[in-house]
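K.L.:
One structure follows; several queries about it will come next.
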Amino acid sequence: MITFSKIKNSARNGRVLKEPKGFLRIIQWFVAILAFGTVTAFSSVTTVNIDCKGAISNENATLKFSYPFSSGSLAYRPCNTSGNTNEVQVRLSGNISASVQFFVFVGVISFLYTLISLGIYVFKIDPANPPEREPYFKVDFIISVVFVIFWIAGAGAWAAALSELKLASDASKSPALKMTKPCSMHICNTKKFSEFGEANASVVFGFLNWFLWSTNLWFLYKDTPWFKGQNNHSHSSKYGANPEGQQASIPSQQPPINDEY
């Protein structure tokens, strides 16, 4: 049950969202949505011209790839002289779905984790009780390191897969298309190449996520016991020398002995 004290504490804890780690966490949540959203909504459509020698006219085919990009499809009308207009659809070999799905997986779990962590920031952590905050920021720091690794791996894998997708979408260069009818029997050329702006943006969002998670590591580390313990150790080494040691280092002064009698 939500009490007045909890609402009051949440309003007080909302100040953490103005701190770098809280503000960056909001940006991470938003950019994660952009990253996996642009990938899942993207599809490439390329118009292919089929040079039908001896036929009434050349034919146009449609080469399409869509998420999860496990394979492409080519829809075309066979080259003939009988005027047959039945459309044929074939599947192309090649599979880049593993890289794409890993990228989307990283984006979705980043989106969920940022929501959970923001909820803990606002409703769970008491800013007036630093010992209570430190264990969470320690765990948050470790999880953020994992996300840094995941994002650089996912963005790199999707960037490489996108290069393969662009090659497969070019009728004059695609090896898979050249081994598939009708391009194995006729000359196929790209008439209108698909737009890849949305896919390119998703790669940028992926590397931007990696940059944001990497940057936030420093602000999380400053709230962990590791950073504070290191600071206390360096402070005591510089200013906290043992007073007994200081006294022991001072040579004892005794009055000179008079040898005269």
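K.L.:
Report the charge-dipole magnitude of the range 127-223 in Debye, nearest 20, computed about the Cα centre from +1 at each Lys and Arg Cβ and -1 at each Asp and Glu Cβ.
P.N.:
On the way: 9 positive and 8 negative charges, 126 e Å.
Approximately 600 debye in magnitude.
K.L.:
When a/c is below 1.5 the answer is rounded, else prolate if a/b is larger than b/c, else oblate, so apply that to the range 92-208 with a ≥ b ≥ c taken from the square roots of the Cα gyration tensor eigenvalues. All intermediate terms of the calculation are to be shown ahead of the outcome.
P.N.:
On the way: a/c = 4.76, a/b = 3.88, b/c = 1.23.
Verdict is prolate for the range 92-208.
K.L.:
Continuing with this model, one more query. Using only the Cα atoms of the range 158-198, what are the Rg and Dmax in Å?
P.N.:
Cα radius of gyration and Dmax of the range 158-198 are 11.1, 33 Å respectively.
Quick note: the coordinates plus some simple rules give every number you see, no bench work behind them. Because the structure is a prediction, the values reported are computed rather than measured. Here Cβ is always computed from backbone atoms with ideal geometry, including for glycine, and neighbour counts include all displayed protein chains.
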